[in-house]
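Below: the structure, in structure tokens.
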Amino acid sequence: MSAHFLGLGITHYPLLAVTDEHMADLLRWTLGDPGIPDAEKDPANWPELMRTEWADDGGTAAAAGHRKHLLEDLARTRAKLDEFQPDVVLVWGDDQYENFREEVVPPFCVLAYGETEVDPFTLMSNRGAPNAWGLPEDATFTLHGDEDGARLLTNSLLEDGFDVAYSYQKRENGHFPHAIANTQLFLDYDNAGREFPYKILPITVNCYGQHAIARRGGLARFADIHDERLDPVGPSPKRCFQLGGAVARAFAGTDRRVALVASSSWSHAFLNDKDWHLRPDTPADQVLYDSFTRGDWDVWTSTTGKQVVDAGQHEMLNWFCLAGAMHELGLPLNWSDFVVTDVFNSNKCFAIFEGQAA
Ligand SMILES: [Fe+2]
């Protein structure tokens, strides 16, 4: 028996699911924050990339280019997935005050769900942004879970000394974690997620840590975060890296074909306090991307949770899980792309790891 692995990294950027006119809505919302100095909001003082993207149409023309770039990279990762023919697609994604709220916030949770109806559009339509497909805003698709695989995985992780939580039922009336839902939506963009043939096995990562409850999913005005009551931190980057390794080991003794997917953008403008939530922390992302392409995981495992939070890279913890798995398996990076933007909230990264495990 021997398992086969493929590693992928993608984005679950919610605004890719809305029309071009609305793709810069998060920045528009931020510009309405009275707690941000006027000079910071003045495009005359913005970096060149930001001014160019914003232009005189609030980013609409640039949105078309951003979408095209992201869709090309998504098509490439989807093609690789089809070529690989996975038995299961394991996804590390954050829970953004969706499934897990005040009752309990697990650092890591395996979602052992079966067939699940997911409504991918209401998250953004509730904020006034229509979906890019022109579908009814309450349209749904079925996410094929892997109940049995999830139980076996959880069991293996626990026996390996990794104390993960598990869940058999999603929160009632809650929004299904968009990190997971959008992974299916974007990997099956042409069909708005409705014809994705593979099973998805999600592991949620508490990426939002000290902001999980405090900011209820991340968006906050400066006036409100002035004296915010922080939550306990999320799992450390190093621990996420270790989880990735444990997940790889858990499958290694099976005969399954497993695609391991990190689902998230890199630094987020709305989490980057030091730049007034206006743009992502591109220099910090660049440092991690450079070592990522070199396979220099020491830079990643020595990154602290504080550094991640200071850069607004909270959601990158999903990528730390992927990195740990790739390290464990010795799977080489075959291709990657780093997509930089100043007005579309987050930098995005795409990656494919494949080949002979070392
Ligand atoms: Fe997210």
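Computed from the coordinates by the stated procedures, all read-outs in this text should not be read as laboratory data. Remember, predicted model here, so these are calculated numbers, not experimental data. Because the Cβ atoms are built from the backbone with ideal geometry, glycine has one as well, and the counts that use them run over all protein chains shown.
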Cut-off 14 Å between beta-carbons: net charge of the residues surrounding Gly174, Lys and Arg +1, Asp and Glu -1: -3
Note, ³J(HN,Hα) from phi for segment 217-222, Karplus 6.51, -1.76, 1.60, rounded to Hz, x at Gly and Pro: x, x, 7, 8, 7, 4
Gap separating the Cα centres of segment 96-160 and segment 288-303, nearest whole Å: 29 Å
About the Cα centre, charge dipole magnitude for segment 216-349 (Lys/Arg +1, Asp/Glu -1 at Cβ), debye: 440 debye
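With r as the distance between the Cβ atoms of Leu158 and Arg229 and R0 = 56 Å, compute the FRET efficiency 1/(1 + (r/R0)^6) and round to 0.05.
Numbers: r = 32 Å, r/R0 = 0.58.
Here the calculated transfer efficiency is 0.95.
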Relative contact order (percent, whole number), segment 112-170, Cα cutoff 8 Å, 6+ residue spacing: 44 percent
Likely footprinting exposure, Glu21, Glu48, fewest C-beta neighbours within 10 Å first: Glu48, Glu21
Cα gyration tensor shape for segment 81-210, rounded if a/c is under 1.5, else prolate or oblate: oblate
Local net charge near Gly7, Cβ-Cβ under 11 Å (Lys/Arg +1, Asp/Glu -1): -1
When the convex hull of its Cα atoms is projected in every direction, mean area for segment 263-358 (nm²): 5.5 nm²
Set of aspartates and glutamates with alpha-carbon distance to Lys68 below 19 Å, sequence-local pairs under 8 removed: Asp20, Glu21, Asp25, Glu53, Asp57, Asp188, Asp190, Asp337, Asp342
Test item: Cα-centred dipole of the chain, Lys/Arg +1 and Asp/Glu -1 on Cβ, debye: 500 debye
Highest-fluctuation residue, Cys109, Cys240, Cys321 considered, GNM on the chain with Cα pairs under 10 Å: Cys109
Segment 4-353: C-alpha pair distances exceeding 32 Å, %: 24 percent
Extreme residue, positive dipole direction of the chain, given options Pro237, Ser346, Leu135 (C-beta unit charges): Pro237
Segment 273-331: relative contact order in percent, alpha carbon pairs under 8 Å with at least 6 residues between: 37 percent
Sites Arg221 and Asp42 - FRET efficiency at Förster radius 25 Å, r taken between beta-carbons, to 0.05: 0.85
Rounded Å value of the spacing that divides the Cα centres of segment 22-95 and segment 217-234: 23 Å
Contact order relative to length of the chain, as percent, for alpha carbon pairs under 8 angstrom and 6 or more apart: 28 percent
Per-residue [θ]222 nm for the chain (sum of -39500 (n - 2.57) over DSSP H runs n ≥ 4, rounded to 500): -10000 deg cm²/dmol
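Within a Cβ distance under 12 Å of Ala246, other residues only, what is the Lys/Arg minus Asp/Glu net charge?
That works out to -2.
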